[in-house]
Amino acid sequence: MAISRREFIKTSAAATAAASIGVQLFPGKLYGGAFWTTWHKSVCRYCGVGCGVMIGEKGGKITAIKGDNENTVNNGHLCLKAFYLNKAVHADTRLKHPMIRKNGKLVKASWDEALDLVAKKFNEIRKAHGGNALAFYGSGQAETEETYMANKLFKGCIGTNNVEGNPRLCMASAVGGYLTSLGADEPAGTYQDIEKAKLFMLVGTNTAEAHPIVFERIMRHKNKNPDVKIVIIDPRKTPTDQVADLHLFPKPGFDLAVFNAIAHILVNEGYADESFIGKHVFIKDNEENKHTFEEYKKFLEDYTPENAEKISGVPAQDIIKAARMFGKAKTAMSMWTMGLNQRMRGVWANNLITNLHLITGKIGVPGSDAFSLTGQPNACGGVREGGGLCHILPGHHLVVKEAHRKKVAKVWGVPASNIQPKPGKHTIAMFSALNTGDIKGIYIMCTNPAHSLPNLSKYWKGLKEQFVVVADSFFPTMTTDYADVVLPAAFWTEKEGIYGCTERRSQYMPKIIDPAGEARWDAFILRDLGKKMGFEKEFAKYETAEIMWDEYRSLTKGKDMNLMGASYNRLKEVRGLVWPVPTEDHPGTYKRFTDGDPIYDALPAEKKKGRRMYFYGPKAKDGKATVWMRPHADPGEPTDAEFPIALTTGRILEHWHTLTMTGTSPELNRAVPKAYVEINPADAKKMGIKNKDQVIVETRRGELEIEARVIDRPAPGTVFVPFHWREWPINVLCSDVFDPGSKEPEYKVAAARIRKA
Ligand SMILES: Nc1nc2c(c(=O)[nH]1)N[C@H]1C(S)=C(S)[C@@H](COP(=O)(O)OP(=O)(O)OC[C@H]3O[C@@H](n4cnc5c(=O)[nH]c(N)nc54)[C@H](O)[C@@H]3O)O[C@H]1N2
Ligand SMILES: Nc1nc2c(c(=O)[nH]1)N[C@H]1C(S)=C(S)[C@@H](COP(=O)(O)OP(=O)(O)OC[C@H]3O[C@@H](n4cnc5c(=O)[nH]c(N)nc54)[C@H](O)[C@@H]3O)O[C@H]1N2
Ligand code: SF4
Ligand SMILES: [Mo]
């Protein structure tokens, strides 16, 4: 029962619109079900929405999947990818045994052979070149327990902070935005705000395809309440436009001026809440410099809608309209994803969107929030909270802080001096160091960097030359092509663990069946590698997932992301808990920094006097958030006469990243079997290109032959290519310039030209 792709029947009826984005509208109806099926409560392993699923198992096989009616995230609904999730579990492409490269070929090996080899090689490298010649590269799709084990092994035992993961390519700018704007990572609100919001501003998010269940909630809410308005800011029309009241099309990378121009209208037309600003907000242009509201107004004078039009190409009238809609709406929710984060100035872009909420006071009240959508299912839980990047430690601790290193080292049972006081190498620096040979050995888990990094061919060199270990559940991938050792990892449903989604909700996933072939749980592979490397004592106690989770949780005690009330026992029963959840009887927290947040509630009365919010996060001062005076900045590679077209890349509904999982479903493959480049009809006409012509897309880094899809989606001057297929590796063409703060690369903008093949 494949749902055919995008039958765009122009109607606002929820059912039709939902079908076109592949949302299952019949709560509880199951796909591929059977009698005698045993149902298990779990979580979808695809996107960061974090939908609850019920998984059917029969005779040791996963047979069915349906939405969990009791889970408030999705209320029984599922999207297309999740429908076919069970096909991935039993796919022929599952990796079933370890492999070692011998004479250039990967050959079958035993677990002992493989892990002994990795331990020996890693120890040799460490002895000869020090711990910093080794690295770990993980994933926002790994469980919190898995990332926790990797952190302990690399940061705590081997003694290197070269621990990174794909959230650097994804959420790093959002983290930087939240830390600088609100003083603490992750949103203040939750999904509950959706049904209370009067206006949605969707910026650089193709919500309908990338976060379908969030989109479905927005759509239903708007259908029931026609006064709910939706503004989209994106250089492309996407299926998300089905609900748009207004769409602003900036040139890719040129929208910072638009955000400032919206602020300009808000402050000049009386929409600013000066009383909220006075009590809750600093205005700054750098860490030290505080400014008055008048000075901020003056700064915004440069950003008239007319000036912003010149920079971005968005008509001034549309900017004014968007600003007035935002200003007039009683409540407003902004949502954004990679269109903002994957940018040379991704942190600034995040700041500028959050500014709009802070200057109008549209934050901390039901229905209003600056709400970043997370890409992967456990980027928030495992990596942002779990400390899976080169500068952080589990539980919102920092490697640069001595007290934090001591605290974490004590829990890990390692000398505090093991944890290096300096951040390790961020992702691009890490793969560059493989190229130069400064890093000589890397362990890659649950991610496929030889497919997903930008300016890709540049980084293949290091992967080819250094010692590369890859733990994956599927084979082959572009990264296993470069592996010296391949380790088969248990997949979703074959292991238990915790995922933390966009709305600060941690959820439990049970082990339902045995792993395919000889596959083993990533956390145990890392534990046993640790033991083989000589850290017997340090890894002796981790016999269960629960032991790892409990130890990790102990590091969150008293922190803003307090998880002390989220025990395995409790998480097995409930549909997740939203932190802070300080005690076993605490229900979890709907809104942070305000009434009902246990940390806010416990603050002394004099701190809260005259206020409705107190930003108590680690980076906030005096309980205040920050409105940032960030100037417009162009992207790293603006178009020019030679390369006149802006290439942007991203994803589509039916497929997940590098296709290892969705590529196992014939239904999804049939729906979209290959890559293409979306070209606006006006551009196509000028270039003499017809639909389905083969064209060459070229940037300064390379060229790719691909089929043209002439369609009124990208604005003229912009083209779009999805990055899912290894046969059409668009990432070779992507730019690897990155944000100087977040170090997140600018996948969203490259200067390109196109010719007929
Ligand atoms: N089906 C599916 N769903 C997924 C995933 C998947 O692979 N497949 N992956 C998950 C992950 S990890 C992530 S990170 C999310 C990503 O989710 P999204 O960010 O929603 O998806 P993208 O397609 O990467 O890009 C979103 C939009 O950014 C726009 N954009 C490009 N440049 C600019 C710009 O300069 N300004 C603005 N304002 N917008 C711009 C693009 O036109 C595009 O429509 O999706 C998650 N969900
Ligand atoms: N051009 C372009 N490139 C991009 C982006 C873009 O927008 N445009 N977006 C970037 C973003 S936001 C992201 S998040 C990245 C994603 O990029 P990747 O993380 O590289 O892509 P995935 O396909 O999700 O890789 C996950 C891998 O883990 C394996 N796997 C699945 N389950 C398990 C498990 O339980 N254990 C182990 N060990 N392995 C498992 C899968 O088979 C797969 O090989 O791509 C980035 N690259
Ligand atoms: S919206 Fe995301 S979490 Fe929910 S079912 Fe779809 S892929 Fe899974
Ligand atoms: Mo992502």
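The values are calculated or read from the model by the stated rules, or taken from the named source; none is laboratory data. None of these values were measured; they are calculated from a predicted model. Cβ sites come from the backbone with ideal geometry, for glycine too, and all protein chains shown count toward neighbours. To get the accessible areas, we keep the full protein, side chains included, count just its heavy atoms, and leave off ligands, DNA and RNA. Shrake-Rupley method; radii C 1.70, N 1.55, O 1.52, S 1.80 Å.
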Rounded to the nearest whole Å², what accessible area per residue is found for the range 432-477 with the 1.4 Å probe?
27 Å²
Which of the listed residues, Ile498, Gly517, Pro488, is farthest toward the dipole's positive end in the range 453-535, when Lys, Arg count +1 and Asp, Glu count -1 at the beta-carbon?
Ile498
With DNA, RNA and ligands ignored, accessible area of Thr205 (1.4 Å probe; Å², nearest 10):
0 Å²
Sorted by packing (mean other beta-carbon atoms within 10 Å per residue), highest first, where do 682-688, 47-53 land?
47-53, 682-688
Binning every alpha carbon pair distance of the range 246-389 at 5 Å from zero, what are the percents per bin?
2, 9, 17, 21, 21, 15, 8, 5, 1
Compute the FRET efficiency between Val107 and His129 as 1/(1 + (r/R0)^6), taking r as their Cβ-Cβ distance and R0 = 41 Å, and round to the nearest 0.05.
0.90
Distance between modelled label sites at Glu727 and Ala641, nm, 7 Å Cα→Cβ extension
3.9 nm
Cβ charges +1 (Lys, Arg) and -1 (Asp, Glu), total dipole of the chain, debye
380 debye
May I ask you to rank Arg611, Arg700, Arg126 by accessible area, largest first, using a 1.4 Å probe over the protein chains only?
Arg700, Arg126, Arg611
Asp736 - accessible surface, heavy atoms, 1.4 Å probe, Å² rounded to 10:
30 Å²
Points 7 angstrom from Cα along the Cβ direction at Asp92 and Ala540: gap in nanometres?
4.8 nm
Tell me, what ³J(HN,Hα) does each residue in the range 257-271 have, in order and in whole Hz, if you take phi through Karplus 6.51 cos²θ - 1.76 cosθ + 1.60 with θ = phi - 60° and put x for Gly and Pro?
4, 5, 5, 5, 5, 5, 4, 4, 5, 4, 6, 7, 10, x, 8
With every protein chain present, what is the per residue accessible area of the range 186-372 (1.4 Å probe, Å²)?
31 Å²
Counting alpha carbon pairs within less than 8 Å and at least 6 residues apart, what relative contact order, in whole percent, applies to the chain?
19 percent
Compute the label zone of Lys310 within the range 242-285: residues whose backbone N is under 12 Å from the point 7 Å along Cα-to-Cβ.
none
The range 251-266 scanned against label point 7 Å out from Asp712 along Cα→C-beta; backbone N under 20 Å for 251
Estimated FRET transfer efficiency when R0 is 25 angstrom, pair Asp634-Asn268 (beta carbons, to 0.05):
0.50
Using only the Cα atoms of the range 319-460, build the gyration tensor, take square roots of its eigenvalues as a ≥ b ≥ c, and label the shape rounded, prolate or oblate: rounded if a/c is under 1.5, else prolate if a/b is larger than b/c, else oblate.
oblate
Quick one: if you stick a label point 7 Å off each Cα along the C-beta vector at Ala757 and Val400, how many nm between them?
4.9 nm
At 1.4 Å probe size, put Glu70, Glu385, Glu584 in order of accessible surface, largest to smallest.
Glu70, Glu584, Glu385
Classify the range 645-756 as rounded, prolate or oblate from the Cα gyration tensor: take a ≥ b ≥ c as the square roots of its eigenvalues, call it rounded if a/c is under 1.5, otherwise prolate when a/b beats b/c and oblate if not.
oblate
Partner lysines for Lys330 [C-alpha distance under 22 Å; skip if fewer than 8 residues away on the same chain]:
Lys196, Lys198, Lys222, Lys224, Lys229, Lys279, Lys321, Lys362, Lys591
Just name one of Ala210, Ile547, Ala308: the one whose Cα is farthest towards the positive end of the charge dipole of the chain (beta-carbon charges, Lys/Arg +1, Asp/Glu -1).
Ile547
Kindly identify the chain as rounded, prolate or oblate by the Cα gyration tensor criterion: order the square roots of the eigenvalues as a ≥ b ≥ c, call it rounded if a/c is under 1.5, otherwise compare a/b with b/c, prolate if a/b is larger, else oblate.
rounded
Considering only the range 620-757, percent of DSSP beta bridges that pair antiparallel, nearest 5
65 percent
Can you compute the FRET efficiency between Lys557 and Glu195 using 1/(1 + (r/R0)^6), with r the Cβ-Cβ distance and R0 = 56 Å? Round to the nearest 0.05.
0.95
Thr331 to Asp693: extension gain in nm, 0.36 nm per residue of separation minus the Cα-Cα distance?
125.7 nm
Using a 1.4 Å probe on the protein chains only, how many percent of the accessible area of the chain belongs to carbon and sulfur?
53 percent
Of the DSSP beta bridges with both residues in the chain, give the percent that are antiparallel, rounding to the nearest 5.
50 percent
Could you compute Rg(Cα) / (2.2 N^0.38 Å) for the range 562-636, with N its residue count?
1.48
